[in-house]
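Novice: Let me begin by handing over the structure; questions about it come next.
The values are calculated or read from the model by the stated rules, or taken from the named source; none is laboratory data. Computed from a predicted model, the values in this text were never measured in an experiment. In this analysis, Cβ positions are derived from the backbone assuming ideal geometry, glycine residues included, and neighbour counts consider all displayed protein chains. Surface areas here come from the heavy atoms of the whole protein model, side chains and all, with no ligands, DNA or RNA. Shrake-Rupley method; radii C 1.70, N 1.55, O 1.52, S 1.80 Å.
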Amino acid sequence: MYVKPIRNIVILTGAGVSAESGIDTFRSEGGLWEQHRVEDVATPEAFARDPDLVLRFYDMRREAIQTKQPNAAHEALARLDREWPGGLLIVTQNVDDLHERAGSSRILHMHGEHLLAWCTACDMRSPWTATLIERPPCPACGESALRPDVVWFGEMPYRMDEITAALRGCDLFVSIGTSGAVYPAAGFVRQARDLGARTLELNLEPSKGSAWFNESRFGPATKVVTGWVEELLNR
Ligand code: OAD
């Protein structure tokens, strides 16, 4: 079988890549949604119904991520980003900033970012490390209409056009530390595969879409991601 040489890579990351930095995943036992029902904290309806609960939940998450550090998997991906001569895009579902802090630059956040606040009055995004529960004014327009810049269930993920274009042009699609439970990200493997890319899964355990991957390697991200990056750069 003819296998295309690898030039363009798209990497999808999920909560599993940050797990060893001490950030809870969503669907593990004791994970983020376990103490809260998703529909109570991560939907526009929840925000309309009980804004204090939602703002407090995200204030706690925002505070928590600022105490965490990138791990060896983030660092390996940052090294790949620096050294890979071809096309590369890291599409993360994570709202933490650990990829950036590790040094990745070819990255986009399809589910938003904890460290941005979005003003629903003027549409401005502002860097934000403090809390939102006190309804602080928007730095741009002064209205008290800030919300976390995080995509909630029922909202469109960000930058889908760029992601679709990258999937179209990629020779290798790699999924790291994601359960494959949330669409549209869970469908990227099939899109990439249908368009002729090879597909690789790096995860602690088989994800829901495991059967769609040409190859799967199971283990903690700090081991399997570092091993794969080393192998790819030394081919
Ligand atoms: P999940 O919590 O659904 O899945 C995390 C995956 O990481 C699981 O398959 C775990 O087996 C794996 N995992 C755990 N620890 C790992 C480790 N040390 N190394 C490698 N893999 C590990 O998280 P996501 O798939 O990222 O969306 O969740 C997707 C989306 O669901 C999130 O972005 C969020 C959530 O609802 C929004 O908030 C819109």
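Novice: Would you mind telling me which numbered condition in (1) within 13 Å of the ligand (Cβ to nearest atom); (2) out of contact with any helix residue (DSSP H, G or I) (no Cβ under 9 Å at 6 or more places or on another chain); (3) in a helix (DSSP H, G or I) residue 223 fails?
Specialist: In the conditions (1) within 13 Å of the ligand (Cβ to nearest atom); (2) out of contact with any helix residue (DSSP H, G or I) (no Cβ under 9 Å at 6 or more places or on another chain); (3) in a helix (DSSP H, G or I), residue 223 misses (2) alone.
For every residue, the table says whether it meets (1) more than 12 Å from the ligand (Cβ to nearest atom); (2) within 30 Å of residue 230 (Cα to Cα); (3) among the small types (Gly, Ala, Ser).
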| site | (1), (2), (3) |
| --- | --- |
| 31 | no, no, yes |
| 35 | yes, no, no |
| 56 | yes, no, no |
| 60 | yes, no, no |
| 71 | no, yes, no |
| 97 | yes, yes, no |
| 106 | yes, yes, no |
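Novice: Quick one: residue 44 ticks every box in (1) open to solvent by 40 Å² or more (accessible area, probe 1.4 Å); (2) at pLDDT below 95 bar one, so which box is it?
Specialist: Unmet condition: (2).
Novice: Here is a further query. Against the condition within 24 Å of residue 160 (Cα to Cα) and assigned to a loop (DSSP other than H, G, I, E, B), how does residue 178 come out, does it pass?
Specialist: Numbers: within 24 Å of residue 160 (Cα to Cα): yes; assigned to a loop (DSSP other than H, G, I, E, B): yes.
Taking the combined requirement at face value, the residue satisfies it.
Novice: Right, another one. Inside region 59-72, can you point out the residues that are assigned to a helix (DSSP H, G or I) and either out of contact with any Pro (no Cβ under 8 Å at 6 or more places or on another chain) or at pLDDT below 95 (or both)? Outline the logic, then answer.
Specialist: First pass over region 59-72, keeping only residues assigned to a helix (DSSP H, G or I): 59-65, 72.
Across region 59-72, the qualifying residues are 59, 60, 61, 63, 64, 65, 72.
Novice: Restricting to region 78-111, what's the tally of residues that are surrounded by 23 or more Cβ atoms within 10 Å (Cβ to Cβ), more than 18 Å from residue 68 (Cα to Cα) and of a type in the set (Asp, Glu)?
Specialist: 0
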